[in-house]
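Worksheet for the structure shown next.
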Amino acid sequence: MEDSKQDLQKELEGLEAAMSGVDFWADKDVAQATVRRVQDLKAEIESGGKGGKYDRGNALMSIFSGAGGDDAEDFSGMLLNMYLKFFDRRGFGVKILHQNENDHGGYRNLTMEITGKNAYGTLKNESGVHRLVRISPFNANAKRHTSFSMVEVIPEFEKQNSAAELDIPDKDIRVELSRSSGPGGQNVNKRETAVRVVHIPTGIAAASESERSQAQNKEKAMQILYGKIYKALEDERIKKEEGMYISKTTQIEWGNQIRSYVLHPYKMVKDHRTGVETSQVDKVLSGEIDEFIEADAKL
């Protein structure tokens with residue numbers, strides 16, 4: 001821990017020295033990114049190294065439906081609404097970057113950008129499998145059904161810092177184009193503006209369709225990809241340090257859930273990591289998840 005703190009202090013001193021240069025503001029984007037990094041370093045040093053490197057920045061959240069068919073896709077929509085209400089209460093900005101919606105108003109998958117101070121630090125522990133137990137609205141016999149969705153939260157990389165953090169050769173990236181189904185008007189839907197990028201060695205992929213041009217969507221998709229790869233590498237590093245077995249993939253199914261939302265035969269939301277639980281399910285699904293967020297932050 002002491003070595004890590006010394007490394008942070010050394011980086012801080014180097015950046016502060018650069019800021020004193022006469023041509024520091026020659027490149028405004030780089031200068032602003034440096035100022036933000038200095039602020040983050042100071043906060044991390046003051047917290048004794050407990051504040052994560054990107055905690056104070058923006059976040060990218062994806063929701064994927066798992067086992068459960070229509071119920072799981074409906075559950076993903078419920079989670080989306082829950083988070084949108086939470087973001088609104090916290091004053092976070094939200095932009096949908098990519099969405100794959102079904103005919104029932106549910107989602108197979110979606111990705112959104114959350115902007116605001118400490119967005120990533122606030123949301124990063126929401127990553128994991130979420131489980132729903134209820135009477136299925138899609139079952140004619142009104143049987144109880146269990147479904148699963150996975151939430152993934154990654155830090156949003158600054159464009160100018162991505163290459164510095166991770167060196168990914170162009171040959172390792174595959175770019176796939178398709179027609180956008182998202183917002184942007186008729187002109188967008190007539191052209192192949194949606195972009196999906198794949199990191200070939202790992203199979204990690206990211207997509208964006210919210211921007212008006214193919215170039216802008218590629219840039220946003222690459223930004224997401226950098227965040228996903230960074231998060232995967234960071235998780236692997238932590239697990240190795242803790243002597244844990246590293247699974248290449250997380251199955252979105254029973255046994256892997258971090259939180260359960262039970263609507264039948266009783267009402268209860270329980271976080272399996274912290275033990276925090278409440279019977280006020282309706283409030284939770286209306287975005288009142290502060291108790292879970294705060295408990296997870298202490299892990």
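For V195, the conditions (1) open to solvent by 90 Å² or more (accessible area, probe 1.4 Å); (2) modelled with pLDDT of 90 or more; (3) within 21 Å of K95 (Cα to Cα) are fulfilled apart from (1). Scanning the range 259-290 for residues that are assigned to a strand (DSSP E or B) and more than 14 Å from R131 (Cβ to Cβ) turns up just one, T278.
Among the residues of the range 64-96, the one identified as of a type outside the set (S, T, N, Q), touching a helix residue (DSSP H, G or I) at 6+ places or on another chain (Cβ under 6 Å) and part of a strand (DSSP E or B) is V94. With respect to the conditions (1) among the basic types (K, R); (2) under 22 Å from Y230 (Cα atoms); (3) at pLDDT 90 or above, R90 lacks only one, and its number is (2). Residue count for the range 125-147, restricted to those that are more than 14 Å from the chain's Cα centre (by Cα), modelled with pLDDT under 95 and either buried (at least 16 other Cβ atoms within 10 Å of the Cβ) or over 20 Å from D282 (Cα atoms) (or both): 10.
On the basis of being open to solvent by 30 Å² or more (accessible area, probe 1.4 Å) and under 19 Å from I293 (Cα atoms), does D103 make the cut? No; evaluated as a whole, the condition is false for this residue.
Does R259 qualify as being charged (D, E, K, R) and at pLDDT 85 or above? Steps first, please.
On the way: charged (D, E, K, R): yes; at pLDDT 85 or above: yes.
Answer is yes for this residue.
Of all residues in the range 48-77, those being buried (at least 19 other Cβ atoms within 10 Å of the Cβ) and at pLDDT 85 or above number 18. Scanning the range 88-137 for residues that are among the acidic types (D, E) and touching a Ser or Thr at 6+ places or on another chain (Cβ under 9 Å) gives E101, E113.
The values are calculated or read from the model by the stated rules, or taken from the named source; none is laboratory data. Because the structure is predicted, anything quoted here is derived from the model rather than measured. Cβ: placed from backbone, ideal geometry, glycine included. Neighbour counts: every protein chain shown. For the accessible areas, the whole protein counts, side chains as well, though only heavy atoms, and no ligand, DNA or RNA atoms are used. Shrake-Rupley method; radii C 1.70, N 1.55, O 1.52, S 1.80 Å.
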